[in-house]
Amino acid sequence: RVLELEPKLEVCGTSARGKGAIDFLGQYAPDILLLDLNLKDYSGLELIKDLRSSGFTQPILVISMFDELLYAERVLKAGANGYMMKDQATETVVEGVLSILGGDVYLSETMRKEVLQRIVKSPGQSERHLLDALTDREIEVLGLIGQGHEPKEVAQYLGISPKTVAVHRGRLREKL
């Protein structure tokens, strides 16, 4: 609704599913894609990677409830152009969209400070944050478990077997 009130912008469609978004993007050529990582049938991180590998070049702004300290860097590495938390989106979504359409990368002020702190604290060093050792899938499993989902629910949501969830949980314990 916020975007619809902005005269410079026009919303051309929505989809709650990753597969629907792929079909939609095949029919239309939006100037920017706003993406939630929490899709019903697809991992948002995987969707970004799949879109980029299939030649989708339009900018992507991720708007998610997932903690930006965990996800912002990952979505940028996957090919997105920005990240914002849903609780900040009402106030900043237009700014984020226009910034990205202007060729910039968009991050919240909090995340920009975090990135700069990492650079200042360890210039040129290869010191890694614990979470940097986790794969994207492990981060997804960790996030869903942290939200209180049972392993069976995690498996169903991610489209993987419960045994695979157990393997990811074991790796998470080892790494963390």
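The values are calculated or read from the model by the stated rules, or taken from the named source; none is laboratory data. Since the structure is predicted, the reported quantities are computational estimates derived from the model, not experimental observations. Cβ placement follows ideal geometry from the backbone for every residue including glycine, while neighbour counts extend to all protein chains displayed. Protein only, heavy atoms only, side chains kept; ligands, DNA and RNA dropped before computing areas. Shrake-Rupley method; radii C 1.70, N 1.55, O 1.52, S 1.80 Å.
Couple of notes before you dig in:
- Taking (1) modelled with pLDDT of 90 or more; (2) touching a strand residue (DSSP E or B) at 6+ places or on another chain (Cβ under 8 Å); (3) within 14 Å of Leu45 (Cβ to Cβ); (4) among the hydrophobic types (A, V, I, L, M, F, W, C) in turn, Val97 satisfies each apart from (3).
- 2 or more residues open to solvent by 20 Å² or more (accessible area, probe 1.4 Å) and at pLDDT 85 or above: qualifying strands (runs of 3 or more DSSP E) within the stretch 27-91: 33-35
- Matching entry among Gly79, Gly20 (being without any contact (Cβ under 8 Å) to a residue 24 or more places away in the chain and not aliphatic (A, V, I, L, M)): Gly20
- Qualifying residue in the stretch 131-142 (condition: open to solvent by 50 Å² or more (accessible area, probe 1.4 Å), under 21 Å from Tyr71 (Cβ atoms), modelled with pLDDT of 75 or more and of a type in the set (Gly, Ala, Ser)): no
- Some residue of the stretch 159-166 being open to solvent by less than 60 Å² (accessible area, probe 1.4 Å), under 20 Å from the mean Cα position of the chain (by Cα) and within 17 Å of Met65 (Cβ to Cβ): no
- Looking across the stretch 155-176, just one residue is touching a residue at least 40 places away in the same chain (Cβ under 8 Å), outside any helix (DSSP H, G or I) and farther than 12 Å from Arg137 by Cα, and that is Leu176.
- Some residue of the stretch 42-62 being over 27 Å from Ala155 (Cβ atoms) and aromatic (Phe, Trp, Tyr): yes
- Some residue of the stretch 95-107 being more than 22 Å from Asp31 (Cα to Cα) and open to solvent by 10 Å² or more (accessible area, probe 1.4 Å): no
- The single residue among Ala155, Ala89 that is among the small types (Gly, Ala, Ser) and farther than 20 Å from Leu34 by Cβ turns out to be Ala155.
- Cβ pairs under 6 Å, 6+ apart, first in the stretch 110-139 and within 24 Å of Glu46 (Cα to Cα), second at pLDDT 80 or above and among the small types (Gly, Ala, Ser): Met111/Ala72
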